[in-house]
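Here the structure is laid out as structure tokens; the discussion comes afterwards.
Laboratory data are not the source of any read-out in this text; all were calculated from the coordinates shown. These numbers come from a predicted model, not from an experiment. With ideal geometry, Cβ positions are generated from the backbone for all residues, glycine too; neighbour counts draw on all protein chains shown.
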Amino acid sequence: MGAAPRRRNIALAGSHRAHPEGAKAVGKVAPDEPVVVWIYLKDPAADVHAPGSAADLAALARPTTRRALARQRAAALAPAIVAIRRFAKQNDLTVRSVQAARQCVVLRGTAARMSKLFGASLRIYEDGQQRFRARSGSLKVPRAIARWTRAVLGFDEALRRAERYVRAGAEAIFVEAPESIAELERLAKSFDVPQFANPLTLIGFAIYVLAALFYIVALKKIPVSVAFPSVAASYAAVAIIAPSGA
């Protein structure tokens, strides 16, 4: 008998999602709708210790710095990043961001393409207040990148997690990397608690700068001659520090 054929996709442990609570499916996601996913990476060669074991605690207690940790992760995950870049190019996906220090690569593609590649079941849901896109079921990761993939997450899942935190009593929320003004508006309308977000695009970054200037000049009555250099300096500092893993 010949060898069993190798599976093209590998089931991603822990990826199962139930249908959104309190919502009903009302339609399909348009095939050409843009979808952004965050692929969180793992180093298959890293030592794995039982949670809470002496070895696990010793590894957590090992002294390091953010810069050193960023360099360590960049070196360990270099093959994973190369593989995911190749995977993206072969499948007409765009690499939006590579964040080795955070063990993450951000990809963008159409809903049809993402659903086919990762086995995602995407639907439009309605909960009585708004319509939103969400997925259900489990994901499967293409074999080409499976050994390096820890999790695959998307923007809508971040909103669902934020909702659960708010229901649990959180006094503020942070949503990862909205891409557009429309997504920022949706985020603002969805919650009545203070919100924080780090925009993924340069446009989003510019919005943040303008918002900071408006707050300082219009609300705090600080002269523009003082406000603009202060805001510019603060964002320049962030741009310099961020690549080091801060």
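Side notes on the structure shown:
- Three semi-axes describe the equivalent ellipsoid of the stretch 1-136; taken as square roots of 5 times the Cα gyration tensor eigenvalues and ordered largest first, they are 32, 21, 18 Å.
- Residue separation of Glu171 and Asp47 scaled by 0.36 nm, minus their Cα-Cα distance, works out to 41.0 nm of gained length.
- Unit Cα scatterers, Debye sum, the stretch 55-133: log10 I(q)/I(0) for q = 0.14, 0.23 Å⁻¹: -0.69, -1.05
- Take the Cα of Lys89, step 7 Å toward its Cβ, do the same at Arg150, and the gap between the two points is 2.7 nm.
- Spacing of the modelled spin labels on Ser97 and Asn9, each 7 Å from Cα toward Cβ, amounts to 2.6 nm.
- Looking at the stretch 35-136, the trypsin sites (Lys or Arg not before Pro) that sit in a DSSP loop and have at most 16 other Cβ atoms within 10 Å of their own Cβ are Lys42.
- Two-site label geometry, His19 and Ala74: point separation in nm, points 7 Å out along Cα→Cβ: 4.7 nm
- Stokes-Einstein D for the stretch 71-113, Kirkwood Rh over Cα pairs, 37 °C, 0.692 mPa s (µm²/s): 304 µm²/s
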